[in-house]
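Accompanying notes for the structure given below.
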Amino acid sequence: MAPDVRSAIILAAGRGERLGELWPDRPKGFLSVGGRTLIERSLDSLRERGIEKTLIVAGYRGEEYRRLAAHAPGVEIAENLDFAETGSMASLDVALARVGEDALVLESDLFYDPLALDAVLRHPEPNVLLASSPTGAGDEVWIEAPQGRVRGLSKDGGALASRDGELVGILRMSVELGLRLREAYARLVAERGHRQIAYDTDALPVAAAQTRVALCLVPDLLWGEIDDESHLRRVRDVVYPAWAAQKARSGG
């Protein structure tokens with residue numbers, strides 16, 4: 001049985017340029033769905049599941065997250081000062097320099113059924129990557145995971161030997177996996193000569209070749225990542241109403 005997880009990292013440095021004029025002045029975590037922001041929803045869901053400390057890695061308009069943290073118990077802010085020139089692995093590297101224990105890693109621009117966290121936290125293995133069945137949302141990241149072990153991630157499904165799930169953007173990470181991710185990042189920066197390294201499609205496959213990462217597939221999960229206008233419409237008009245109706249039926 002994997003040890004309990006009490007910490008979380010939320011990657012929130014990006015600018016969200018593909019949303020354009022729909023959301024020009026605030027980080028994507030402050031998008032509102034069903035009357036509440038994405039970041040508020042995530043923080044509440046994490047607290048309800050025993051997460052005591054959450055480190056948000058901010059960048060664009062980081063002062064918004066600092067204001068939030070001032071009134072949010074257990075929430076701290078780290079900054080990726082080079083967010084405009086770096087990828088998500090640079091933000092995760094900033095967090096891993098401060099978090100020395102097993103942790104959840106989440107993207108800030110997710111709307112998800114909190115049952116997603118239950119699935120990952122209850123999994124018996126220490127390193128777990130959450131996946132769903134294909135959503136058709138567009139811009140998907142596919143996971144190759146033969147026999148349930150993560151091997152590859154790519155936006156090009158044809159580049160993988162199999163497509164065993166769609167990446168949700170929630171990872172349960174042990175201290176060991178965190179170390180392997182930092183090592184992979186340093187190696188990739190040296191090889192490529194830049195820091196535009198994605199934690200999921202670039203660094204994670206390298207780290208997973210050394211440290212087992214299990215696939216946790218929740219086929220019917222209601223969720224959506226919001227990168228552009230079509231994603232936002234899908235979450236607000238399809239995913240959220242379906243989740244709210246399901247919650248009402250269950251009496252939640």
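Only the coordinates and a few stated rules stand behind these numbers; no lab work does. Just so it is clear, the structure is predicted and the values come from calculations on it, not from any experiment. Positions of Cβ are generated from backbone atoms using ideal geometry, with glycine treated the same way; all protein chains shown enter the neighbour counts.
Odds and ends about this structure:
- Difference of contour (0.36 nm per residue) and Cα-Cα distance, Ala84 to Lys155: 23.4 nm
- Between amide H atoms placed 1.01 Å from N, distances below 5 Å from Leu153 occur with Glu144, all of them 5 or more places distant or on a separate chain.
- Here segment 225-252 and segment 19-82 have alpha carbon centers that stand 19 Å from each other.
- Take every DSSP beta bridge whose two residues both sit in the chain; close to 50 percent of them are antiparallel.
- Hydrodynamic radius by Kirkwood, which averages 1/r over all alpha carbon pairs of segment 108-173, in angstrom: 12.5 Å
- A simple count of charges around Leu217, restricted to other residues whose Cβ falls under 12 Å of its Cβ and scoring Lys, Arg +1 and Asp, Glu -1, yields -2.
- An oblate overall shape is assigned to segment 61-102, the ratio a/c of its alpha-carbon gyration tensor axes (a ≥ b ≥ c) being 1.5 or greater and a/b not exceeding b/c.
- Kirkwood Rh in Å, taken over the chain so that all alpha-carbon pairs contribute: 18.2 Å
- Top of Asp228, Asp220, Asp113 by mean-square fluctuation, Gaussian network on the chain, Cα under 10 Å: Asp220
- Ellipsoid fit via the Cα gyration tensor, segment 123-252: semi-axes of 29, 18, 14 Å, each the root of five times an eigenvalue, largest first.
- Kyte-Doolittle at least -0.5, axis length at least 18 Å by Cα - qualifying DSSP helices, the chain: 175-192
- Debye log10 I(q)/I(0) at q = 0.17, 0.23 Å⁻¹ for segment 156-202, Cα point scatterers: -0.68, -1.00
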